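The values are calculated or read from the model by the stated rules, or taken from the named source; none is laboratory data. Remember, predicted model here, so these are calculated numbers, not experimental data. As a convention, Cβ positions derive from the backbone with ideal geometry for all residues, glycine included, and neighbour counts pool all protein chains shown.
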Amino acid sequence: MVCFCTLTYAQAASEIMQKIDKNMSSDNRIVESSMTIHGRRNSRTITSISYTVGTEKSFTEYLSPAREKGTKMLKLDDKLWTYYPANDRIVQISGHMLRQSVMGSDLSYEDIMDDRKLSDVYDAETESEEVIDGRAIKVLKLSAKVDDAAYETRRLWVDTEYYLPIKEELYAKSGQLLKRTTLSDFKKIDGRWFPMKLNFKDVLKQGQGTDWEIISIEFNGEIPEYIFTKGALKK
Amino acid sequence: MIKFLLKGILRDKSRSLLPVVVVSLGVFLTVFMSGWMKGVFGDMIDMNANYTMGHVKVMTRAYADNEAQIPNDLALLEVSELINQLSADYPDMEWVRRIQFGGLLDVPDKNGETRAQGPAAGRAVDLLSPDSKEAERLNIPKSIVKGQMPQSPGEVLISDEFAERFDVNIGDEISILGSTMYGSMVVPTFKVAGTLNFGMAMLDRGAIIMDITDAEMAFDMTDAAGEVLGYFKSGLYDDEQALIVRDAFNQKHSDTDDEFAPIMQRLRDEPSLKQYLNMADNMSAMMVMIFVIAMSIVLWNTGLLGGLRRYTEYGVRLALGEEKSHIFRTIIYEAMIIGSIGSIVGSIFGIAVSYYLQENGIDFSALMENVTMMMPTVYRAKVTPELFYIGFIPGLLAMTLGNALAGYAIYKRKTAQLFKELEV
Amino acid sequence: MLAFNLAYKNLLGAGLRTWLNVSVLSLAFVLIVFYNAMIDGWNRQSRDDTQDWEIAQGQYWHPDYEKYDVYSLNDAHQQLSEQTQQIVDKGVLVPELIQQATIYPQGRMQSVLLRGIPKEQEVLKLPTDCLLSPNKPNVAIIGKRMAKAAKLQKGDAVLLRWRDKNGTFDARQFTIAAVFNCDVAEADQGQFYVDYQLMQEMMGFTNEATLLVSKLEQNPTIDHWTFQSADRLLKELDDLINSERISGMIIQMILLMIALLAIFDTQVLSIFRRKKEIGTYIALGLTRQQVVGIFTIEGAMHSLLAALLGAIYGIPFFIWVNSIGINFGSADMGITIAEKVYPYYSLRLVVLSVIVVLVSSTIVSYIPARKIAYLKPTDALKGK
């Protein structure tokens, strides 16, 4: 009986996870967003537009501020190139550099590049149910089922109406909390719910983390195949 | 009488030439030795002062706390104003700005795509201002292996080892994958004007040297600098003065909780350096003392010999009725003249050679084959104000003392005995 | 023998002058011995320290390991073969696994090299026995420089974050079990030592190492490992110390020159003043060469007396210095130097110095004495 219960529980949990994937992942999306990085001295906001197809291909162009404008980033599989218009250079970012933070934010290149669906990487179970701000929240614990997950476990606080997490915590193998993401401002776009505001925080470091705000998002838009080539970086 | 004595000295070579030669040689050695000691002991201190510490160094408090990580996001802002203020407050010091940066050195192929990458440790100093002493301070002109100093903005020097490893030639373009002081990733491109080898693994690994304005542009650090270094215009580290400057400066900026308020450190505040400086001070003082003593003994001996060899002459002069005290006085005067001439000649030569070695150094690299040195293979002497008088201590005093002691024998004996003893 | 006796008596007879010369020469002598002994002492201590703390009798490196290249470091590790493991079990080889990691002392991020070293090893002086802690599972040892840079003390806890073989993040609190004091900066700066077995488990490896430290001087080749001899690893240090020796040589040479100048001066005067004596010697039937010999020996004997005098005050001085050591402070300039250097006096050094002083003083004594050979005995007798 107990066994049966946990099984349905687990099923419920993985269903939730799949529903989150359905909301968050897509085969094709175009996102215009702004990233606000809080430094010790001041904050800066960078806007960009990215085109993503599946989990393998992604192309980002920075729009502002002036300093970053025209800088482009191309990800194909596990390779990453950046293009700098100021001196017309394409630089490959590899190995050690992938672990560096992106533009001084609390996100590393690897964090950005790891775009796999949660259900591809993790098994989920429901840990508890809570009510936060009057909303029914399920707390999901995700454990990696593949070897190469960057974070062995995650904990998701999922709003059971929208099937989006309001908070996510990433843990090391030992259970040490490493990063926390807060999601808010859910909106319905093309029949799915999506968080319009996110805050990423490396909890081991001091600071307020990095805010990410979505200005516009379009699913299943038209993305020409040629932009996922190095040639497109220079255009 | 001095004229008479001078004539005597000039005409009697046995009286003049040898003692003068010996005194000059001795003084020369003492002076040169002191200069050499100062140079050699000062090497490491100068290196620290020139490359990293300055005589005093201004940073933000936050930067100072994490100095090892070169946190340019915590750099000083409005640096021109700060430097103007510092120059006005301390006119006898020169204030320079420095930016250090880390990153990846990226070599492009002909399509502008990455061909090779390696870790970079960059240093930006004022290379292009016509009156800047920074290039000399970092010994850059002499460290160049290939090519030349950057002549215009956008030109950099890179480590020779890197250039060899990745086949980078003079005139090639290289990029630095780094970040601005606000965290943006940038890849500024520069032209390689030359390659350099400081001879110190610590400095040479992935070294890039560029002009400060290039770094300001590249890393979005206009009017900002990681560090502002102060150097005494005399070129010499004056610890007492540095302490006064530091305390006054920090006093002025102490009334704030701002972690970006500037804070000043002096060279000796570096704890490891402090002990070394103390030791070097003691050691060089001890060595110079040993030298002065040794030289004094030698010149005293010379004076003594000079006096002894003229006993016959004294006997004759006594016989002619000259006063003992007069003879003694002429001995002393002569000794002083010879001592002075010798000291001046010796000091001139000693200072000249020290100066030459200060400017050019002796290159010992030939003696040390295939060396990957952490220390320079070029040794330098250093001309300090001390050199201008240190030679006179053994040269003049010891010479006079030696002669006086030899001449004292005249008083000790009765005139009659003296005749006999003095072989008249 | 006559020459020696005469020379000895003449020298002592000259009294103060001789002793002035001798004392200067002895100063030069003592300084030469002392300076070189100090350099030798530094060299020996630094070599010994580096060997004790870091490299022992040499290291076997993974072929891709490059000491200063952090980019290739993470991939430079391999499993120990059974054969190699047998050597390790004998206590002759100590495996070390090195990976990059990050520590977070008080919210600051700092890159470290995480080094796994067997806690039971006895080849290196590192206090690895402190890694044995039944009460606390995760303990580490660090050096004093590292402790200072990270503002950590013994007993403090610090969070270590690393990535295992699959790239999965892991992080644990480590307790600093010991802060060791060693003079080898490279074994200290940026190094974070944990137990070898613990690190295998942390990384998800089975007995993989980056390098093997060798205890014995005879080192057989081991397949897939590149041997680096101690001499090769110590080359940079040797070069540095030799450069110090050369700069010191100039100082010694100048001091010696001053002393020789005194002897030269004395010789010139002796020959000038003692012409009658020279004439007498020749009249007594000595050849000119013999007379030159007497005067040369007289001059050269300064150096023997100097050696004796030097010994009289030098030996107590040396003993005193060795009892307290020379304090170089913890001169942290990336150079291995003991906090206190004890000069090392080898027989070779003393003998060599005596020979140098003896030969050089003989030469400067001989040069003015040559003049004697041209003197006419009759003139000499008259003192002309």
key: Scan of region B:169-181 for residues that are touching a strand residue (DSSP E or B) at 6+ places or on another chain (Cβ under 7 Å), in a loop (DSSP other than H, G, I, E, B) and surrounded by 21 or more Cβ atoms within 10 Å (Cβ to Cβ), ordered by number   = B:Thr180
ask   = Quick one: A:Asp88 ticks every box in (1) more than 11 Å from chain B (Cβ to nearest Cβ); (2) at pLDDT 80 or above; (3) farther than 18 Å from B:Asp220 by Cα bar one, so which box is it?
value = (1)
Region A:42-51, subset surrounded by 16 or more Cβ atoms within 10 Å (Cβ to Cβ) and closer than 23 Å to A:Glu218 by Cβ, residue farthest from the other protein chains (Cβ to nearest Cβ) = A:Tyr51
ask   = Hey, among C:Ser23, C:Ser72, which residue is among the hydroxyl-bearing types (Ser, Thr, Tyr) and without any contact (Cβ under 8 Å) to a residue 12 or more places away in the chain?
value = C:Ser72
ask   = Could we say that B:Val245 is out of contact with any Asp or Glu (no Cβ under 7 Å at 6 or more places or on another chain), away from chain A (no Cβ under 14 Å) and within 30 Å of B:Val186 (Cα to Cα) here?
value = no
ask   = Pairs, please: C-beta under 9 Å, at least 6 apart or cross-chain, first residue more than 11 Å from chain B (Cβ to nearest Cβ) and closer than 8 Å to C:Val179 by Cβ and in region C:143-156, second among the small types (Gly, Ala, Ser) and assigned to a strand (DSSP E or B)?
value = C:Lys154/C:Ala177; C:Lys154/C:Ala178
inquiry  = Among the residues of region B:26-50, what is the count of those that are surrounded by fewer than 23 Cβ atoms within 10 Å (Cβ to Cβ) and either of a type in the set (A, V, I, L, M) or modelled with pLDDT under 70 (or both)?
reply    = 7
query = Looking only at strands (runs of 3 or more DSSP E) that fall completely inside region B:58-149, which ones have 1 or more residues that are touching a residue at least 24 places away in the same chain (Cβ under 8 Å), within 14 Å of chain A (Cβ to nearest Cβ) and basic (Lys, Arg)?
reply = B:114-125
ask   = Which residues, taken from region A:91-109, are under 18 Å from B:Thr114 (Cα atoms) and within 7 Å of another protein chain (Cβ to nearest Cβ)?
value = A:Val91, A:Gln92, A:Gly95, A:His96, A:Met97
remark   = Expected single match for in contact with a Ser or Thr (Cβ under 9 Å, 6 or more places away or on another chain), at pLDDT below 85 and not small (Gly, Ala, Ser) among C:Leu234, C:Leu160, C:Leu255 is C:Leu234
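Condition check ((1) buried (at least 22 other Cβ atoms within 10 Å of the Cβ); (2) within 14 Å of chain C (Cβ to nearest Cβ); (3) in a helix (DSSP H, G or I)) across all residues:
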{"position": "B:Asn282", "(1), (2), (3)": "no, yes, yes"}
{"position": "B:Met286", "(1), (2), (3)": "no, yes, yes"}
{"position": "B:Ala294", "(1), (2), (3)": "yes, yes, yes"}
{"position": "B:Val298", "(1), (2), (3)": "yes, yes, yes"}
{"position": "B:Thr302", "(1), (2), (3)": "yes, yes, yes"}
{"position": "B:Glu313", "(1), (2), (3)": "no, yes, yes"}
{"position": "B:Glu322", "(1), (2), (3)": "no, no, no"}
{"position": "B:Ile331", "(1), (2), (3)": "yes, no, yes"}
{"position": "B:Glu334", "(1), (2), (3)": "yes, no, yes"}
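Conditions (1) free of Cβ contacts under 8 Å to residues at least 60 places away in the same chain; (2) not charged (D, E, K, R), marked per residue:
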position: C:Ile250; (1), (2): yes, yes
position: C:Met257; (1), (2): yes, yes
position: C:Ile263; (1), (2): no, yes
position: C:Val268; (1), (2): no, yes
position: C:Arg274; (1), (2): yes, no
position: C:Ile278; (1), (2): no, yes
position: C:Leu284; (1), (2): yes, yes
remark   = Taking region A:151-172 and keeping residues surrounded by fewer than 20 Cβ atoms within 10 Å (Cβ to Cβ) and part of a loop (DSSP other than H, G, I, E, B) leaves A:Thr160, A:Glu161
note = Of the residues in region C:225-244, those that are over 19 Å from C:Ala185 (Cα atoms) and outside the structural domain of C:Asp40 (by TED's automatic domain parsing) number 5
query = Would a scan of region C:254-269 turn up a residue that is out of contact with any Cys (no Cβ under 9 Å at 6 or more places or on another chain), among the polar types (S, T, N, Q), within 14 Å of chain B (Cβ to nearest Cβ) and within 17 Å of C:Arg370 (Cα to Cα)?
reply = yes
ask   = Does region B:206-223 contain at least one residue that is within 19 Å of B:Ile83 (Cβ to Cβ), hydroxyl-bearing (Ser, Thr, Tyr), more than 14 Å from every other protein chain (Cβ to nearest Cβ) and in a helix (DSSP H, G or I)?
value = yes
request  = Could you look through region C:161-188, keep only residues that are small (Gly, Ala, Ser) and touching a strand residue (DSSP E or B) at 6+ places or on another chain (Cβ under 8 Å), and pick out the one that is farthest from the other protein chains (Cβ to nearest Cβ)?
outcome  = C:Ala178
message = With surrounded by fewer than 17 Cβ atoms within 10 Å (Cβ to Cβ), more than 11 Å from every other protein chain (Cβ to nearest Cβ) and in a strand (DSSP E or B) as the only criterion, which of C:Phe192, C:Phe227 stands out?
response = C:Phe227
remark   = Every listed condition ((1) surrounded by 21 or more Cβ atoms within 10 Å (Cβ to Cβ); (2) in a strand (DSSP E or B)) holds for C:Asp183 save (2)
query = Among the residues of region A:199-221, is any without any contact (Cβ under 8 Å) to a residue 60 or more places away in the chain, over 23 Å from C:Arg172 (Cβ atoms) and not acidic (Asp, Glu)?
reply = yes
inquiry  = I'm trying to understand the selection: among the residues of region C:85-116, which are exposed (fewer than 15 other Cβ atoms within 10 Å of the Cβ) and at negative phi?
reply    = C:Gln85, C:Gln86, C:Asp89, C:Lys90, C:Ser111
query = Would region C:268-290 turn up any residue that is in contact with a strand residue (DSSP E or B) (Cβ under 8 Å, 6 or more places away or on another chain) and part of a helix (DSSP H, G or I)?
reply = no
request  = Considering only region B:76-105, state which residues are buried (at least 22 other Cβ atoms within 10 Å of the Cβ), of a type outside the set (A, V, I, L, M) and touching a Leu at 6+ places or on another chain (Cβ under 7 Å).
outcome  = B:Gly103
request  = Give the number of residues within region A:128-150 that are more than 25 Å from C:Gln173 (Cα to Cα), part of a strand (DSSP E or B) and either within 14 Å of chain C (Cβ to nearest Cβ) or out of contact with any Leu (no Cβ under 9 Å at 6 or more places or on another chain) (or both).
outcome  = 8
key: Boolean, C:Lys215 is over 30 Å from C:Ser365 (Cβ atoms), in contact (Cβ under 8 Å) with a residue 24 or more places away in the chain and among the basic types (Lys, Arg)   = yes
